[in-house]
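The values are calculated or read from the model by the stated rules, or taken from the named source; none is laboratory data. Since the model is a prediction, treat every value here as computed from it, not as a measurement. Positions of Cβ are backbone-derived with ideal geometry, glycine not excepted, and every protein chain shown enters the neighbour counts. Keep in mind that these areas ignore ligands, DNA and RNA; they rest on the heavy atoms of the full protein, side chains included. Shrake-Rupley method; radii C 1.70, N 1.55, O 1.52, S 1.80 Å.
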Amino acid sequence: MNLFVVLVGESSKARKGTSWNQIARLFAEVDQTWAENRVTSARLTARGLIGIMGQQAGDRRLLVLAEELVSVLHTMGRSRSQLSPLLRCAWDSGTLRMLDRDRLMQASGGHLSLIGHITQRELAESLHRTEAHNGFANRCLWACVQRSQCLPDGGNVDPQQLSAIARGLTRAVEWAQGQSEILFRRDPAAAQLWNDHYATLSQARSGLHGAATGRAEAQVLRISALYAALDCTSIIQLPHLQAALALWDYCSESAVSLFGACVGDSVADRILEALLAAENGLTRKQIRDLFHGHVSSGSIDLALEKLSSLGVAASRFISGRGRPTILWSAIDHQDQELMEKECAEPEQSSAEPT
């Protein structure tokens with residue numbers, strides 16, 4: 001039930017780093033040894049990760065606090081880097097394997113969690129070039145963050161309130177560590193709610209937003225089980241699943257805000273950006289001119305085909321002198337849905353108010 005969480009907010013204004021201070025205080029009360037020895041903000045590398053997770057003795061849990069997630073994304077984007085597949089395997093099963101020259105390195109039984117900090121601009125410039133569609137993005141919970149208060153003298157959590165939370169968390173830790181195996185299951189009410197939402201959670205979505213939220217079912221399942229564990233029970237009850245769905249809704253909406261209509265292809269994204277800004281659409285020549293001759297005609301054709309297949313852009317012929325011209329335009333889905341809704345509504349009687 002390990003999670004990868006990415007906090008996205010403006011540098012120095014969203015208080016991403018400051019937010020960790022309160023959590024560090026909390027976990028120091030619950031398990032000081034873990035807080036001091038199993039949380040790291042060191043530079044993440046494939047060899048270092050499998051080395052520390054493969055230790056034969058000691059605690060195999062590890063929380064990576066990547067306060068500069070953009071550097072991790074850059075490392076993962078290198079052609080020979082094995083960091084990305086290792087992180088994906090760590091989220092899936094905890095069993096890590098990699099070849100180091102002629103030697104097989106492996107680690108099993110590990111429990112890796114990750115908290116990443118990044119700005120929206122860094123995310124836009126780095127993620128879609130590297131990890132958008134290979135499965136790393138949808139193993140993360142994306143959360144837009146900003147500070148909720150303006151406190152000139154800083155702020156702090158009341159020590160008594162923090163201790164009360166720590167006592168509850170300590171009970172949950174002791175309960176979990178006292179079990180040789182925990183098999184979670186839903187009660188009837190939670191099972192019905194899960195069935196009601198499963199089709200929506202498992203629905204395939206296009207573009208970069210779809211790539212970042214493609215494991216909705218697995219994420220909600222993990223979060224709901226965590227909420228049950230915090231209540232020291234293996235029965236996932238209705239409040240646990242409702243809370244998990246609410247948290248997922250926030251992360252999903254954050255992904256919409258962060259990735260929007262991005263396709264995950266730099267050429268297609270640049271064309272779509274220009275089409276959205278062009279009220280009257282763009283001709284094929286105007287689209288080609290966007291790239292100043294640095295992108296081939298074939299790449300542009302593939303990008304336009306991708307935009308058309310995703311339903312975010314369409315072309316039409318316009319007549320004029322000489323040969324007809326192809327004009328490309330962005331599709332406004334909000335207007336399209338509104339028109340479809342209006343067409344589907346029955347006409348009202350003239351005696352009824354409108």
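Here are some notes:
- Test: residue in the range 202-209 that is farther than 20 Å from L3 by Cα, open to solvent by less than 50 Å² (accessible area, probe 1.4 Å), under 15 Å from the mean Cα position of the chain (by Cα) and not basic (K, R): yes
- Of the candidates R121, R97, the single residue that is within 19 Å of L44 (Cα to Cα) and open to solvent by 10 Å² or more (accessible area, probe 1.4 Å) is R97.
- Where A225 falls short, out of the listed (1) among the aliphatic types (A, V, I, L, M); (2) free of Cβ contacts under 8 Å to residues at least 12 places away in the same chain; (3) in contact with a strand residue (DSSP E or B) (Cβ under 9 Å, 6 or more places away or on another chain): (2)
- The range 41-61 - residue that is more than 13 Å from S71 (Cα to Cα) and β-branched (V, I, T) and, of those, modelled with the lowest pLDDT: I52
- Scanning the range 180-199 for residues that are open to solvent by 80 Å² or more (accessible area, probe 1.4 Å) and either among the hydroxyl-bearing types (S, T, Y) or touching a residue at least 40 places away in the same chain (Cβ under 8 Å) (or both) yields S180, L183, R185, Y198.
- Selected residue (criterion: farthest from A246 (Cα to Cα)) from residues of the range 196-226 that are among the small types (G, A, S) and touching a helix residue (DSSP H, G or I) at 6+ places or on another chain (Cβ under 6 Å): A211
Quick grid of which residues meet (1) at pLDDT below 90; (2) surrounded by fewer than 14 Cβ atoms within 10 Å (Cβ to Cβ):
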{"position": "G260", "(1), (2)": "yes, no"}
{"position": "L276", "(1), (2)": "yes, no"}
{"position": "G281", "(1), (2)": "no, no"}
{"position": "S299", "(1), (2)": "no, no"}
{"position": "P324", "(1), (2)": "yes, yes"}
{"position": "D332", "(1), (2)": "yes, yes"}
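- Test set (1) more than 21 Å from S93 (Cβ to Cβ); (2) touching a strand residue (DSSP E or B) at 6+ places or on another chain (Cβ under 9 Å); (3) surrounded by 16 or more Cβ atoms within 10 Å (Cβ to Cβ) - L245 fails condition number: (2)
- The set of residues from the range 158-174 being open to solvent by 50 Å² or more (accessible area, probe 1.4 Å) and in contact (Cβ under 8 Å) with a residue 12 or more places away in the chain comprises I165, R171.
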